[in-house]
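Before any comments, here is the structure.
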Amino acid sequence: MTTFPGYPAPSTTPTEEPALGLQVTDEQRERATRWLQEAYADGRVDGADFERRLGLVIGATTRSDLNEAFAGVPSGSPSGPSTGHLTYPPAAPAATTGRGGAALAHFIALISSFVGPLIVYLASSHNTYVRKEAAKSFNFQIIALVVTIAAGIITSFLPHALDGFIMPLLWLGWLLGTIVGGARAASGDDWTNPVKKVIRIDILPEDGR
């Protein structure tokens, strides 16, 4: 049975076994994400393995599923009690709850465009900070995609010199918008990307519903 590395193996008595089937909460998913980020920063997992395991965390529905994301990760120095069959670092203070998942909803777009934020949105609970920021990230990525396609069509009729200027500028704007959005979400800010004030495309509701 797989658990967070560095903890004693959980009991497998029949009375505790059903705990593996309990639903994963947003808080547990966020704490698992932070644990993986720390493992990646420490060099205990590489980039490709981090992305694979992060996908398992996002898609986990039960505690057993979540434990699978940590199979084979060398232990660091985590500390904290276990709950049922799922062991993980101690809960973050209430003031930071949701920030990790919210930041992830933005940063994951750097490698997945609007797909990653959509997955985080669908996996999060209603009326949570994570769901709200995931919707913001998704909507911004859709705007960026639409603008890039439109710019590609327009620049095809313009001199090549303008094409070589406009497209890199749009790419830089997308990169900065995505990174700043993630940083502000990590800080717990209710920030709206300035692009949304000019182009309003709200496919997903940004109020957390």
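The values are calculated or read from the model by the stated rules, or taken from the named source; none is laboratory data. Owing to the predicted nature of the structure, the values given are computational and were not obtained by experimental measurement. Methodologically, a virtual Cβ is constructed for each residue, glycine included, from the backbone with ideal geometry; neighbour enumeration extends over all protein chains shown.
Structural remarks
- First in region 188-208 and in the same structural domain as Ile143 (by TED's automatic domain parsing), second anywhere and not in a helix (DSSP H, G or I), Cβ under 7 Å, 6 or more apart: Gly208/His126; Gly208/Asn127; Gly208/Thr128
- Some residue of region 130-143 being in contact with a His (Cβ under 6 Å, 6 or more places away or on another chain) and within 30 Å of Ala60 (Cα to Cα): yes
- In this structure, Ile179 does not qualify as of a type in the set (A, V, I, L, M, F, W, C), in a loop (DSSP other than H, G, I, E, B) and modelled with pLDDT of 85 or more.
- Odd one out for Lys132, checked against (1) among the basic types (Lys, Arg); (2) within 16 Å of the chain's Cα centre (by Cα); (3) at pLDDT below 90: (3)
- Filtered by the rule that a residue be within 8 Å of the chain's Cα centre (by Cα) and without any contact (Cβ under 8 Å) to a residue 24 or more places away in the chain, region 109-123 gives a lone residue, Gly116.
- Among the residues making up region 194-209, those that are modelled with pLDDT under 85 and not in a helix (DSSP H, G or I) are Arg200, Ile201, Asp207, Gly208, Arg209.
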